[in-house]
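Worksheet: one structure, shown below.
The values are calculated or read from the model by the stated rules, or taken from the named source; none is laboratory data. A quick note: this is a predicted structure, and the numbers were derived from the prediction, not measured. Using ideal geometry, Cβ is built from the backbone for each residue, glycine included, and neighbour counts are taken over all protein chains shown.
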Amino acid sequence: MALQLSSAGFCVFRGRRALTTRAVASENVTTLKEEDKVRLGSSDVKVSKLGLGAWSWGDTSYWNDSGWDDRKLKAAKAAFDASIDGGITFFDTAEVYGGAFMGAVNSETLLGRFIKERKQKESVEVAVATKFAALPWRFGQGSVLSALKNSLSRLGLSAVDLYQLHWPGVWGNEGYIDGLGDAVEQGLVKAVGVSNYNEKRLRDAYNQLKRRGIPLAANQVNYSLIYRIPEENGVKAACDELGITLIAYSPIAQGILTGKYTPEKPPAGPRGQIYTPEVLKELQPLLARIKEIGRSYGKSPTQVALNWLTCQENVVPIPGAKNAEQAKEFVGALGWRLTDQEVEELRSLASKTRQAVGLRLDRL
């Protein structure tokens with residue numbers, strides 16, 4: 001998930017160890033192997049090929065408009081456990097998810113609690129990514145270290161695997177990058193990255209860290225079958241060239257690519273302002289083809305959409321899960337691969353759909 005700060009305030013825009021696969025009513029049971037992990041950029045951090053985004057955990061402003069309660073807390077914990085059981089051990093959160101910023105309880109606090117409870121039962125390795133909010137009143141590299149230490153306190157960890165700048169700051173970006181470098185040198189993080197960085201900012205950050213001998217491991221951006229701006233603005237090519245992993249948030253277009261929304265049943269809340277009945281009507285041919293391809297593999301539309309992203313190479317999708325059923329479904333997106341012909345067919349059909357509906361891509 002991404003947040004961008006404007007002068008008006010916040011504006012939301014936007015594996016166990018043996019591999020087995022079984023199709024059950026388009027819901028697959030898959031367990032990912034340890035050797036299936038991928039390296040984040042040229043860092044030493046390895047993560048599962050698909051991660052889990054924790055934006056919705058504790059949130060009441062975007063995902064949980066009816067409030068946060070014990071039922072949703074238990075569902076989030078079940079999503080965490082189901083992910084671990086399936087081999088998804090990479091979790092992405094941020095200091096602005098939930099809590100004082102966006103909800104009832106901070107997502108970092110919940111993730112830290114879930115990790116602690118799981119480790120009380122068994123030994124498990126979890127890779128944690130969180131983010132620094134480039135708020136306009138935060139200045140210099142010291143603000144990065146201060147925010148990071150607060151995040152570590154909420155998570156109950158001495159270090160995180162990946163620390164990212166959530167969005168470019170209004171000013172002070174060079175200082176923020178220096179702060180990331182300091183965090184690595186002080187052993188508070190294993191790898192560093194950015195989020196929502198365009199090609200120029202990405203190259204500048206890469207070069208600034210390179211002078212200190214520190215790799216820029218990742219750039220987290222909005223990327224899905226129907227939102228392919230990273231392919232069009234040079235970000236994906238730059239990531240591939242420089243050896244930076246592209247972490248894809250909103251990889252199923254905030255639920256649209258699951259096929260559960262129709263012109264008669266559009267999503268509620270802010271998403272409904274983008275995916276109107278008119279837009280959803282134009283998306284139906286694409287969604288129908290995704291479903292058809294999925295049936296040939298015994299896979300759901302969600303799994304097809306996520307697999308399409310992994311086929312782009314150097315991409316780690318991080319869909320968000322509110323419950324165990326969603327997390328289990330995400331696991332089934334891996335362990336198989338669409339053909340090159342299917343990948344290109346879906347890309348072409350998605351492009352035609354976007355042209356037909358005239359989507360304002362910067363709103364997705």
For this session: Starting from the range 213-233, take each residue that is at pLDDT below 95 and list its partners that are in a loop (DSSP other than H, G, I, E, B) and among the aliphatic types (A, V, I, L, M), counting only C-beta distances under 6 angstrom and pairs at least six apart or across chains.
Result: TYR227/LEU364
For this session: Restrict the check to the range 283-292 and report whether at least one residue is closer than 30 Å to GLY175 by Cβ, of a type in the set (Asp, Glu) and at pLDDT 95 or above.
Result: no
Exercise. If a residue has to be under 21 Å from the mean Cα position of the chain (by Cα) and at pLDDT below 95 to count, how many in the range 155-196 make the cut?
Worked result: 1
Exercise. In the set LYS322, LYS265, LYS299, LYS281, which member is among the basic types (Lys, Arg) and touching a Gly at 6+ places or on another chain (Cβ under 9 Å)?
Worked result: LYS299
Seminar exercise, completed: Going through the range 239-263 in order, the residues found to be at pLDDT 95 or above and surrounded by fewer than 17 Cβ atoms within 10 Å (Cβ to Cβ) are ASP240, GLU241, GLY243
For this session: Could you check how many residues of the range 50-103 are among the hydrophobic types (A, V, I, L, M, F, W, C), within 18 Å of SER153 (Cα to Cα) and surrounded by fewer than 24 Cβ atoms within 10 Å (Cβ to Cβ)?
Result: 2
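For the range 108-127, check the following and say yes or no: at least one residue is within 28 Å of ARG212 (Cβ to Cβ), among the hydrophobic types (A, V, I, L, M, F, W, C) and at pLDDT 95 or above. I'd like the intermediate steps shown before the answer.
Initial filter on the range 108-127 (within 28 Å of ARG212 (Cβ to Cβ)): 108, 125-127.
Add one more test, that the residue is among the hydrophobic types (A, V, I, L, M, F, W, C), and what stays is 126-127.
Next, from what is left, pick out any that are at pLDDT 95 or above: 126-127.
Yes - at least one qualifying residue is present in the range 108-127.
For the range 107-141, which residues satisfy the criterion of being part of a helix (DSSP H, G or I), under 20 Å from SER48 (Cα atoms) and among the aliphatic types (A, V, I, L, M)?
From the range 107-141, those part of a helix (DSSP H, G or I) are 107-119, 140-141; that's our starting set.
Applying the additional criterion that residues be under 20 Å from SER48 (Cα atoms) yields 108, 111-112, 114-116, 118-119.
Residues satisfying the conditions are LEU111, ILE115.
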For this session: Could you look through the range 285-333, keep only residues that are surrounded by 24 or more Cβ atoms within 10 Å (Cβ to Cβ) and among the aromatic types (Phe, Trp, Tyr), and pick out the one that is nearest to TYR227 (Cα to Cα)?
Result: TRP308
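Whether any residue in the range 234-246 is among the polar types (S, T, N, Q), assigned to a loop (DSSP other than H, G, I, E, B) and closer than 30 Å to LEU209 by Cα is what I want to check.
Our first condition is that a residue be among the polar types (S, T, N, Q); within the range 234-246, this holds for 245.
Pick out the ones that are also assigned to a loop (DSSP other than H, G, I, E, B) and you get none.
So far as the range 234-246 goes, no, none of its residues is among the polar types (S, T, N, Q), assigned to a loop (DSSP other than H, G, I, E, B) and closer than 30 Å to LEU209 by Cα.
Answer yes if at least one residue in the range 268-276 is of a type in the set (D, E, K, R), surrounded by fewer than 18 Cβ atoms within 10 Å (Cβ to Cβ) and assigned to a helix (DSSP H, G or I), and no otherwise.
Our first condition is that a residue be of a type in the set (D, E, K, R); within the range 268-276, this holds for 271.
When the remaining residues are screened for being surrounded by fewer than 18 Cβ atoms within 10 Å (Cβ to Cβ), the result is none.
For the range 268-276, residues of a type in the set (D, E, K, R), surrounded by fewer than 18 Cβ atoms within 10 Å (Cβ to Cβ) and assigned to a helix (DSSP H, G or I): absent.
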Exercise. Of the numbered conditions (1) outside any helix (DSSP H, G or I); (2) more than 20 Å from GLU122 (Cα to Cα); (3) modelled with pLDDT of 75 or more, ARG14 satisfies every one except a single condition; which is it?
Worked result: (3)
